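To start, the structure itself, in structure tokens.
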Amino acid sequence: MALTLLRGMRTPVLFRMNAGLFFTTLHRPSLARFTTRAESAQATEPKATPQSIQMAIKEAAEQKMQGFEAVIGIETHVQLSTVTKAFCSCPYNYGSQPNSTICPTCMGHPGMLPVLNEKVVECAVKLGLALNCEISMTSKFDRKQYFYPDLPKGYQISQFDIPIAKKGYIDLDLPMEFGGGHRKFGITRVHMEEDAGKLLHSDSGSYSQVDLNRAGVPLLEIVSEPDMRTGIEAAEYGAELQRIVRYLGVSNGNMQEGSLRCDVNVSVRPVGQSEFGTKILLHKEGQADQIVQETRLWDESSQKTFTMRKKEGLADYRYFPEPDLPEVVLNNDYIDEIHKSMPELPEAKRRRYENMGLSMQDVLFLANDDNVARFFDSTLEHGSDAKLAANWIMGDIAAYLKNEKLTIDEIKLSPLELSELIASIKNGTISGKIGKEASPYFVLILVELIANGGTVKAVIEEKDLVQV
Amino acid sequence: MPPPLQAHRLLISHRRLPTPARRRFSAVSSVQSPPAKTLAPGPATSSILSIRGSLLSGERTAAEITAEYLSRLRRTEPSVRSFIHVADSDAVREAEELDRRIASEGKDALGPLAGVLVGVKDNLCTANMPSTGGSRILEGYRPAYDATAVRRLREAGAIVVGKTNLDEFGMGSTTEGSAFQVTTNPWDESRVPGGSSGGSASAVSARQCVVSLGSDTGGSVRQPASFCGVVGLKPTYGRVSRFGLMAYASSLDVVGCFGSSVFDTATILSVVAGHDKMDSTSSSQNVPDYASELVPLDSLESKPLNGLRIGIIQETLGEGVDSGVASSIKAATSHLEQLGSVVSLPSFSLGLPAYYILASSEASSNLSRYDGIRYGRQVSADDLSELYGESRANGLGHEVKMRILMGTYALSAGYYDAYYKRAQQVRTLVQESFEDALKRFDILVSPAAPSAAYKIGEKINDPLAMYAGDIMTVNVNLAGLPALVVPCGFVEGGPAGLPVGLQMIGSPFSEEIAVCV
């Protein structure tokens, strides 16, 4: 899962020449060469191949050998699944006919004014709380100005110096296949902004078309501290964010649809150095080579990055406070109410499962998918033992799902019946006359339940398996 | 008892207006009397009420009234040129429709503005008419919605007769900045009507329509009102919705109104004011019925203004102000029972540079959307930046380009603190000094402009001199306060003298006080 995310992320790579400000913003690419971020992040989430894992481990090892480490920070844009856009009442549905969910306001017609969708603030506070941030009681919107055909007003309404949330952190556990381990990465800020439209380029390259369906859709931008040191850490960070936004219900987190987009900033420094920045990277042939600040694109087919643009300076967006929107003022009651409405987050779940005595392998499998966790918790509620339930879910049920290409909420087996099955096995209702070869029968019952539903009792009777 | 002030002078100004058709109009003004509280028996105090009276009594039909205005419009337009677009057939049709409804429903068919012809400044969106903002880049553009202010007028029964001329996107003080035509001052056709709402002011002044809507960002309603001898009202920022007003400077723009009497202007304000969910900066403050507080002058007690504290702004009567203007103001204020005391506003002179920085900065951002890509005039080109560059170079006028460049500069990295941020801080000072003065006075008084109307072409090559003319008005926009301009006298010039307007500034949402004064 982590690796698929790693592949799915665009990785512009910036190598710094001097210590100083680490991050530079990713610039909108020139019209001629480029597809939008959403389109290039076309991870269809295939299973990770063993080759890539080996490569990643080799890379990390190589780096260590040369005495350098990567310093990675990630900027993530999460598209909110609100009913209407951020500043007007247009709906948004991924895949709609171009220019079918637009109005004069999101098109930037003369005389139109933005009106804030309050759900956006709610989602921002929820996410800020989930990322353990300080929520700003007053924040404001700013205009970020540049010209591009997919930006109707010639500016994007965003938040510049006073974001709605800042100074948080995210807890996660690295997958067992990469060595596991708990990590905590800092979150610099979370702010609200609006999305731009989409450009569709003709094959000949002689013209481009503008689709403004997406213009004005609310986004939350999450900026992490540059705390990650390996590709695995970066990938798991992305995966955890995806989990959190899905758990909270603020976004569907689908990278294929562009609901979740990550831009990765990487620099390299000698191990042990505390400042950021690079000095010299040894070339293969032993020649010293300068590292140049640049933006790189990830090419899905060749599985490599290549240079997109060299020597970017900092763009001047001429930020100033948005005069058409009042300040966003929150009070403690509002924040408390949102806090109360939040579901149990992945981190809390993982710790809870860990405390039940399950192994980390089990914990990660069960907690990291919202649907699986719900199924598991539900089974426990009906009285099952955690370890037994975990074994069934991770074993035979998972195998079935994989074969049939289903998800756990698509099968007909209900948590109640699973707990019934476990109970029946435990109290010996089934094993009896079957003796040592009981287990295939358990699986038989299970499969029957998964495929056709029904109750354990009914299946037992039908198959005539009651202990004599 | 002092001679009645406003009405008397208005009457004089009416008689002096050169167009002969005016004589005919005064005949209409002898009306049946609705309750004395709201109607002055004197002539021409309220065109809206006299129209209403005629319609109610059956003395005239809406079609007749409309025809009269339209014929006067056609006769005067060749010399005044107030309108970019005249919707005569629509107006006639709406008037006939109104007559039909009156015939079948009687009194109930009459909204508060029934049969009243309105001119709308062309930077306010009207769904059934082109809305150009006075710019080539929007030539032929038709909006999808009416601006809220326009919609509310229509819902009250008003008939929109056309779109009036303006300086492009509201930037200018003479209406010479329009991409289409130069409007002239009905008092002297060699002179400017003022700007940027010059067309709206001249249309009312020349009686081409009854009332009109304009916009005021730095004085664009008040200065033309003064130049054209009509009443102009700039409401408190947020009093009237900006939805549908093509934005120039979002934190300064307001929709304002013109009328030939305070009563009419106040009536329009009551109709268009109020919260609008489409404009997050519009205020939820209650809208009083502004006109209802107006009392006919004849029935006033001898000291109606007793207790009202009036302060004349010292900085507006000294150097740089035309002597004729200054004496008109002084004469006007001496009529008020309480001899106006003089009050000083310490940060007064800082307002003009701060205004131009803030307005240009916001304008440079608000006008970014005019790129020819989704609507408006596009110049085709070989690459993207050429497309932007050529479309905007071709479609936008000289003054607009200048202000966009200034604004972009002021907001750019490294300069934001020195210009924009600094200007905002000055703005706070200006606001505070008004607040201070308005604790001690109910109304502050000044001229609306340092001179009467100047000649067409006089300031066109001297933008700074043109900007300097805004000195009386910009501070009010910076502070977001309401201000009313009424004609108060004349100075030498032109065939019949040139009008001078008195500006009355109040605390936020105190329009009713200004109106009563």
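Structure summary
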read-out	value
Index of the failed condition, residue A:49 passing every other in (1) among the hydroxyl-bearing types (Ser, Thr, Tyr); (2) surrounded by 14 or more Cβ atoms within 10 Å (Cβ to Cβ); (3) at pLDDT below 95	(2)
Filter result for residue A:95 (at pLDDT 95 or above and among the small types (Gly, Ala, Ser))	no
Hits in the stretch B:54-76 (condition: among the hydrophobic types (A, V, I, L, M, F, W, C) and surrounded by fewer than 18 Cβ atoms within 10 Å (Cβ to Cβ))	B:56, B:67
Odd one out for residue B:282 among (1) closer than 20 Å to residue B:488 by Cα; (2) modelled with pLDDT of 75 or more	(1)
Selection count, the stretch A:177-187, where residues are in contact (Cβ under 8 Å) with a residue 60 or more places away in the chain and not acidic (Asp, Glu)	2
Among the residues listed as A:133, A:103, the single one being under 27 Å from residue A:255 (Cβ atoms) and either at pLDDT 95 or above or at the interface with chain B (Cβ under 10 Å from one of its Cβ atoms) (or both)	A:133
Residue A:368 surrounded by fewer than 14 Cβ atoms within 10 Å (Cβ to Cβ) and either modelled with pLDDT under 90 or of a type outside the set (Gly, Ala, Ser) (or both)	no
In the stretch B:183-233, the residues that are acidic (Asp, Glu) and either surrounded by fewer than 24 Cβ atoms within 10 Å (Cβ to Cβ) or more than 10 Å from the chain's Cα centre (by Cα) (or both)	B:188, B:189
Residue tally, condition of a type in the set (Lys, Arg), free of Cβ contacts under 8 Å to residues at least 40 places away in the same chain and not in a helix (DSSP H, G or I), over the stretch B:46-82	1
Cβ pairs under 8 Å, 6+ apart, first in the stretch A:261-277 and within 18 Å of residue A:77 (Cβ to Cβ), second at pLDDT below 85 and part of a strand (DSSP E or B)	A:261/A:10; A:262/A:10; A:263/A:10; A:264/A:10
The listed residue being away from chain A (no Cβ under 14 Å), hydrophobic (A, V, I, L, M, F, W, C) and either touching a strand residue (DSSP E or B) at 6+ places or on another chain (Cβ under 9 Å) or within 26 Å of residue B:456 (Cα to Cα) (or both), out of B:254, B:240, B:192	B:192
Test: residue in the stretch A:161-171 that is among the acidic types (Asp, Glu) and either part of a loop (DSSP other than H, G, I, E, B) or away from chain B (no Cβ under 14 Å) (or both)	yes
Residue B:503 modelled with pLDDT of 90 or more and part of a helix (DSSP H, G or I)	no
Condition broken by residue A:114, with the remaining ones in (1) facing chain B (nearest Cβ under 10 Å); (2) more than 23 Å from residue A:213 (Cβ to Cβ) satisfied	(2)
The stretch A:315-353, subset in contact with a Ser or Thr (Cβ under 7 Å, 6 or more places away or on another chain), at pLDDT 95 or above and surrounded by fewer than 18 Cβ atoms within 10 Å (Cβ to Cβ), residue nearest to the other protein chains (Cβ to nearest Cβ)	A:326
Residue within the stretch B:471-479 that is of a type in the set (Gly, Ala, Ser) and either at pLDDT below 95 or in a loop (DSSP other than H, G, I, E, B) (or both) present	no
Residues that are in a loop (DSSP other than H, G, I, E, B) and within 14 Å of chain B (Cβ to nearest Cβ), drawn from the stretch A:206-224	A:206, A:207, A:212, A:213, A:215, A:216
Single residue of the stretch B:360-412 satisfying the filter (under 29 Å from the mean Cα position of the chain (by Cα), more than 8 Å from chain A (Cβ to nearest Cβ) and charged (D, E, K, R)) that is surrounded by the fewest Cβ atoms within 10 Å (Cβ to Cβ)	B:401
Counted residues, the stretch B:112-147 - those being under 14 Å from residue B:377 (Cβ atoms), more than 8 Å from every other protein chain (Cβ to nearest Cβ), crowded, with 24+ Cβ neighbours inside 10 Å and small (Gly, Ala, Ser)	2
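The values are calculated or read from the model by the stated rules, or taken from the named source; none is laboratory data. On a predicted model such as this, the values are computed, not experimentally measured, just so you know. Note that we place each Cβ from the backbone using ideal geometry, even for glycine, and neighbour counts take in every protein chain shown.
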